[in-house]
């Protein structure tokens with residue numbers, strides 16, 4: 001029985017640096033006292049050099065002379081943030097906001113500080129304010145997209161990334177995150193466009209080739225996917241995930257030798273790569289090397305105990321070996337981890353038939369068909385079970401549907 005194997009994708013999601021050392025202009029003092037101006041300039045220079053403690057000393061001295069300088073408070077806040085004193089930094093940003101309520105950068109900095117504290121609501125509020133005051137601030141839009149990602153606001157995140165890119169068309173980070181987002185939305189064409197933009201900006205980086213290869217693979221464009229995977233490995237031959245993905249394509253193309261070689265290399269590069277063990281186990285299973293397949297699937301689950309596909313595959317092998325109790329336990333786990341997949345229900349239904357749990361088997365087959373209305377084999381098994389249970393009408397209808405099907409699982 002062939003089962004569609006779900007391959008996990010490892011795609012980097014880039015976050016904006018939480019402590020942006022964006023130094024304010026040097027000539028910013030409002031006081032006429034030359035001493036205060038000199039101290040603020042000196043503090044700004046030290047801030048640029050990341051000498052945060054020394055910068056704070058200069059800002060403290062300058063603020064004793066000119067205590068109404070908002071940019072000095074903001075700069076001191078940046079220095080305190082650089083030392084990890086986030087709450088103290090926020091106190092300085094608060095003063096800066098009171099003195100300069102229309103300075104978008106101060107709200108941006110304070111938004112970053114609240115982000116450090118994982119206070120998403122306050123961070124988002126400040127970043128909203130920053131983008132309203134300066135709609136062209138791509139960094140604020142980008143950071144805003146990160147928070148919206150954490151809040152699972154997909155549409156809001158997409159709009160924020162659109163703005164970040166509109167105002168900075170060379171932002172590889174924004175293209176990357178939008179590509180990942182589009183991937184998750186199954187907008188593979190959009191993801192491919194974004195990854196292509198990154199490649200144009202950073203042609204010597206392996207990751208965007210890998211990401212684009214995964215998107216091509218999801219569209220079943222294996223030719224382009226293989227080109228990208230090969231290019232990624234040309235740039236970085238140690239990327240285990242690329243070997244695993246390329247191996248899966250070779251498996252789909254019935255190139256077992258090539259698939260095994262890639263899975264072996266993936267495991268060599270990352271001995272804890274659960275997906276590579278899972279994929280190699282599936283390949284072993286296809287070749288009827290059940291003992292070897294079990295060993296690989298055990299390794300996959302050792303490194304990732306939440307890998308639904310490994311439980312599904314191992315459960316099938318246990319079923320074939322007539323280890324029904326073990327098979328049922330594995331299918332229970334597969335269903336718990338991936339309840340939207342009809343295949344585990346169908347297989348567990350078969351197991352429960354072997355265990356004479358007819359009513360439980362019927363429930364599983366019902367669920368499999370609910371999730372996949374054209375599940376031909378499920379109709380066939382359910383039809384026989386209904387006839388056995390005395391439901392002649394239902395059984396006959398199911399068998400008719402099975403006979404008119406296309407042989408799908």
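Rule-based calculations on the coordinates, nothing more; no lab input. Just so it is clear, the model here is predicted, and its values are computed rather than measured. Here the Cβ is made from the backbone with ideal geometry for all residues, glycine too, and neighbour counts use every protein chain on show.
By the count of neighbouring beta-carbon atoms within 10 Å, fewest first, 158, 78 end up ordered 158, 78.
Report, in degrees rounded to the nearest 10, the 0 to 90 angle that the Cα long axis of helix 52-65 makes with the longest principal axis of the chain. The angle comes out near 40 degrees. For the chain, relative contact order (Cα pairs under 8 Å, six or more residues apart, normalised by length) works out to 7 percent. Normalising the average separation of contacting C-alpha pairs (under 8 angstrom, six or more residues apart) by the number of residues puts the relative contact order of the stretch 122-202 at 21 percent. Between the C-alpha center of the stretch 68-93 and that of the stretch 278-299 there is a gap of 57 Å.
With R₀ fixed at 30 Å, the C-beta to C-beta distance from residue 332 to residue 286 puts the FRET efficiency at about 0.75. Between 0 and 90 degrees, the angle of helix 104-116 with respect to the longest Cα principal axis of the chain falls at about 50 degrees. Relative to one another, the C-alpha centroids of the stretch 95-174 and the stretch 306-347 are positioned 44 Å apart. Neighbour counts of C-beta atoms inside 10 Å place 122, 288, 173 in the sequence 288, 122, 173, starting with the fewest. Taking 0.36 nm per residue of separation and subtracting the Cα-Cα distance, full extension of the segment from residue 166 to residue 305 would add 45.9 nm. All C-alpha to C-alpha distances of the stretch 27-141, sorted into 10 Å bins beginning at zero, yield P(r) values of 16, 45, 32, 7, 0 percent in whole numbers. Taking other C-beta atoms within 10 Å as the exposure proxy, 107, 222 rank 222, 107 from fewest upward. Between residue 67 and residue 201, what FRET efficiency comes out of the Förster formula 1/(1 + (r/R0)^6) with R0 = 35 Å and r the beta carbon distance, rounded to 0.05? The value I calculate is 0.20.
Between residue 87 and residue 366, what FRET efficiency comes out of the Förster formula 1/(1 + (r/R0)^6) with R0 = 60 Å and r the beta carbon distance, rounded to 0.05? Plugging the Cβ-Cβ distance into 1/(1 + (r/R0)^6) gives 0.60.
Rounded to the nearest 10 degrees, the angle from helix 376-388 to the longest Cα principal axis of the chain is 50 degrees. Each label was represented as a point 7 Å from its Cα along the Cα-to-Cβ direction; for residue 60 and residue 389 these points are 7.7 nm apart. Computed over the Cα atoms of the stretch 93-151, the ratio of the radius of gyration to the Kirkwood radius (Rg/Rh) comes to 0.95. For the stretch 169-233, the equivalent ellipsoid built from the Cα gyration tensor has semi-axes of 17, 15, 7 Å, listed from largest to smallest. Computed on the Cα atoms alone, the convex hull of the chain gives a volume of 172 cubic angstrom per residue. Note on residue 238 and residue 358: the extension gain reaches 38.2 nm, defined as 0.36 nm multiplied by sequence separation minus the Cα-Cα distance. Normalised by the number of residues in the stretch 169-233, the average gap of Cα pairs under 8 Å and 6 or more apart makes the relative contact order 27 percent.
For the chain, the 222 nm mean residue ellipticity estimated from helices alone, with every DSSP H stretch of n ≥ 4 adding -39500 (n - 2.57) and the total spread over all residues, rounds to -23000 deg cm²/dmol. Taking the convex hull of the alpha carbon positions in the stretch 286-361 and averaging its projected area over all directions gives 4.8 nm². If the segment from residue 152 to residue 102 were pulled out straight at 0.36 nm per residue, it would be longer than the present Cα-Cα gap by 15.1 nm.
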